[in-house]
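The values are calculated or read from the model by the stated rules, or taken from the named source; none is laboratory data. This structure is a prediction, so every number in the text was calculated from the model and none was measured. Please note: Cβ atoms are built from the backbone with ideal geometry, for glycine as well, and neighbour counts cover all protein chains shown.
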Amino acid sequence: MTNGKILVVDDSRMVRQHVQRTLTAAGFLVSEAADGVEALEKLESEPDTKLVVCDVNMPKMNGLEFLERLRSMNSSIPVVMLTTEGEPGLIRRAKALGAKGWIVKPFKAELLVAAAEKATA
């Protein structure tokens, strides 16, 4: 039995792999996308996704645009932002769009796992 499926959205393959290893070790199934556009496509084909862990700065569609689009589709899937950004205005905007958390890279594995467990409970 798994803890659920999580979609990791980041333009850095290294970051996606690190997050994937961390969450897989905690019992989650992990799917990956390189940007917001690919993430929306993945969510269409993987409706059982329980959580999205999403970067802010990405090409094609950034994390906040992704969050906006997701909410405009009436999706209530929880989203945790994982980013190098710590600017309070961005954090407020993400929270206003329904982000459930904001984790700054480099991340502590236990913090990411705790956020994932809380969001998928």
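Side notes on the structure shown:
- Region 9-66, residues that are in a helix (DSSP H, G or I) and of a type in the set (Asp, Glu): 38, 41, 44, 65
- The listed residue being more than 17 Å from residue 118 (Cα to Cα), buried (at least 20 other Cβ atoms within 10 Å of the Cβ) and in contact with a strand residue (DSSP E or B) (Cβ under 6 Å, 6 or more places away or on another chain), out of 86, 36, 63: 63
- Considered as a group, the residues in region 102-114 that are in contact (Cβ under 8 Å) with a residue 60 or more places away in the chain and part of a helix (DSSP H, G or I) include one that is surrounded by the most Cβ atoms within 10 Å (Cβ to Cβ), and that residue is 112.
- Scanning region 50-60 for residues that are buried (at least 21 other Cβ atoms within 10 Å of the Cβ) and either of a type in the set (S, T, N, Q) or out of contact with any Ser or Thr (no Cβ under 7 Å at 6 or more places or on another chain) (or both) gives 52, 53, 54, 58.
- Only one of 100, 105 that is touching a Lys or Arg at 6+ places or on another chain (Cβ under 9 Å), of a type in the set (Lys, Arg) and at negative phi: 100
- Only residues that are within 24 Å of residue 22 (Cβ to Cβ) and either charged (D, E, K, R) or surrounded by fewer than 18 Cβ atoms within 10 Å (Cβ to Cβ) (or both) were counted in region 92-101, giving 3.
- Options 31, 76, 72: the member that is among the hydroxyl-bearing types (Ser, Thr, Tyr) and modelled with pLDDT of 95 or more: 31
- Check on residue 42, modelled with pLDDT of 95 or more, among the basic types (Lys, Arg) and under 14 Å from the mean Cα position of the chain (by Cα): yes
- Checklist (1) buried (at least 21 other Cβ atoms within 10 Å of the Cβ); (2) in a strand (DSSP E or B); (3) over 10 Å from the mean Cα position of the chain (by Cα) applied to residue 70, failing item: (2)
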